[in-house]
Amino acid sequence: MFDSLSDRLGGVFDKLRGRGALKEQDVRDAMREVRIALLEADVALPVVRRFVDQVTEKAVGQSVLRSVTPGQQVVKIVNDALVEMLGGEDTPGLDLNAAPPVVIMMVGLQGSGKTTSTAKLARLLKEKEGKKAMMASLDVNRPAAQEQLKVLGEQVGVATLPIIPGQQPTEIATRALQAARLQAVDVLLLDTAGRLHVDQQLMDEMKAVAAISAPRETLLVVDSLTGQDAVNVAQSFSGQVDLTGVILTRMDGDARGGAALSMRAVTGKPIKFAGTGEKLDAIEVFHPSRVANRILG
Ligand code: GDP
């Protein structure tokens, strides 16, 4: 995760730290390299520009350049700006403050890792939060989708809504809410249909399900390996539904990290979780400060 960016930035900052005194030009040279490193990591251009401008403005200040450890101060400024770029100090976590069953609606394109992430979250809620969870697949387009969620549910020990062939997504959502109420479920996860592209029929279906189920969280699942496309998908979805957060999957295979670094700044939506593998326990709460630490080594 972030390997190449981390290596690049490490090189830049080792040079800076190694010098006792710093001139404004040294900082500007270093920031030029930071700019290239971020662009190579596939961070969106406006985000890179803003980042470099902000850091440069702070770092060329006299109090930094005249301090005893200017190199370290510059690195600290970069670190703080990275944390900000990744979403700020706070880790938002899941908002479950509503009358049960609290609904979490999962949305995203097909293949993004949505169904796997639904099961991962259900497992997390059960194991770490002691919640009674239930899952329901509303994907009636892909014949195997509902069956897939059932199998994953069995693996994580979380109930899934029994499958009734022929029902429409809104009917399944209504039935899921009824079942969750009857069974005193704390959190109901609705796995909506994924499509190959962002299309209006998918969006309308999603809105209809949201209107019925009043989700407390609407989480978009996107594949970090798709880089800027992941950010574009997030923008398309957030124009249609009220997204409360993003789950970025396949972070385990993402050496560049552009989606993670651009998501918050471009879409304004927090990354709440990172998928880090195929196994059902491979999910992490996304902590911007820890991720920044990882990048800066
Ligand atoms: P969906 O079509 O969006 O529901 O996607 P699936 O949940 O079926 O996932 C598609 C594939 O991606 C599966 O083989 C998953 O095991 C895999 N996958 C999902 N999340 C991750 C992740 O965080 N890391 C890795 N390496 N694989 C993942």
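The values are calculated or read from the model by the stated rules, or taken from the named source; none is laboratory data. Since the model is a prediction, treat every value here as computed from it, not as a measurement. For neighbour counting, all protein chains shown are included, and Cβ atoms are generated from backbone atoms with ideal geometry for every residue, glycine included.
Some observations on this one:
- Within region 193-203, none of the residues are under 12 Å from the mean Cα position of the chain (by Cα), assigned to a loop (DSSP other than H, G, I, E, B) and of a type in the set (Lys, Arg).
- Search result, residues across region 201-223 that are crowded, with 20+ Cβ neighbours inside 10 Å and at pLDDT 95 or above: Val209, Ala210, Ser213, Pro215, Glu217, Thr218, Leu219, Leu220, Val221, Val222, Asp223
- Boolean, Arg175 is in a helix (DSSP H, G or I), away from the ligand (no atom under 16 Å from the Cβ), farther than 16 Å from Ala122 by Cα and touching a residue at least 60 places away in the same chain (Cβ under 8 Å): no
- Top-ranked residue in region 234-266 [being part of a loop (DSSP other than H, G, I, E, B) and acidic (Asp, Glu); ranked as farthest from the ligand (Cβ to nearest atom)]: Asp242
- Val291 assigned to a helix (DSSP H, G or I) and more than 16 Å from the ligand (Cβ to nearest atom): no
- Considered as a group, the residues in region 268-285 that are assigned to a loop (DSSP other than H, G, I, E, B) and more than 7 Å from the ligand (Cβ to nearest atom) include one that is nearest to Ser117 (Cα to Cα), and that residue is Leu280.
- Scan region 127-154 for residues that are among the small types (Gly, Ala, Ser), surrounded by 13 or more Cβ atoms within 10 Å (Cβ to Cβ) and outside any helix (DSSP H, G or I) and the total you get is 3.
- Any hit, region 187-197, residues being in contact with a Ser or Thr (Cβ under 6 Å, 6 or more places away or on another chain), of a type in the set (S, T, N, Q) and on the phi < 0 side of the Ramachandran plot: no
- Scope region 107-126; condition more than 8 Å from the ligand (Cβ to nearest atom) and surrounded by fewer than 20 Cβ atoms within 10 Å (Cβ to Cβ); matching residues: Lys126
- Cβ-Cβ under 7 Å pairs, at least 6 apart or on other chains, region 216-231 side in contact (Cβ under 8 Å) with a residue 24 or more places away in the chain and of a type in the set (Ser, Thr, Tyr), far side surrounded by 23 or more Cβ atoms within 10 Å (Cβ to Cβ) and part of a strand (DSSP E or B): Thr218/Met105; Thr218/Val107; Ser224/Leu248; Ser224/Thr249
- Of all the listed residues (Phe286, Phe237), the sole one being over 21 Å from Asp3 (Cβ atoms), among the aromatic types (Phe, Trp, Tyr) and crowded, with 16+ Cβ neighbours inside 10 Å is Phe237.
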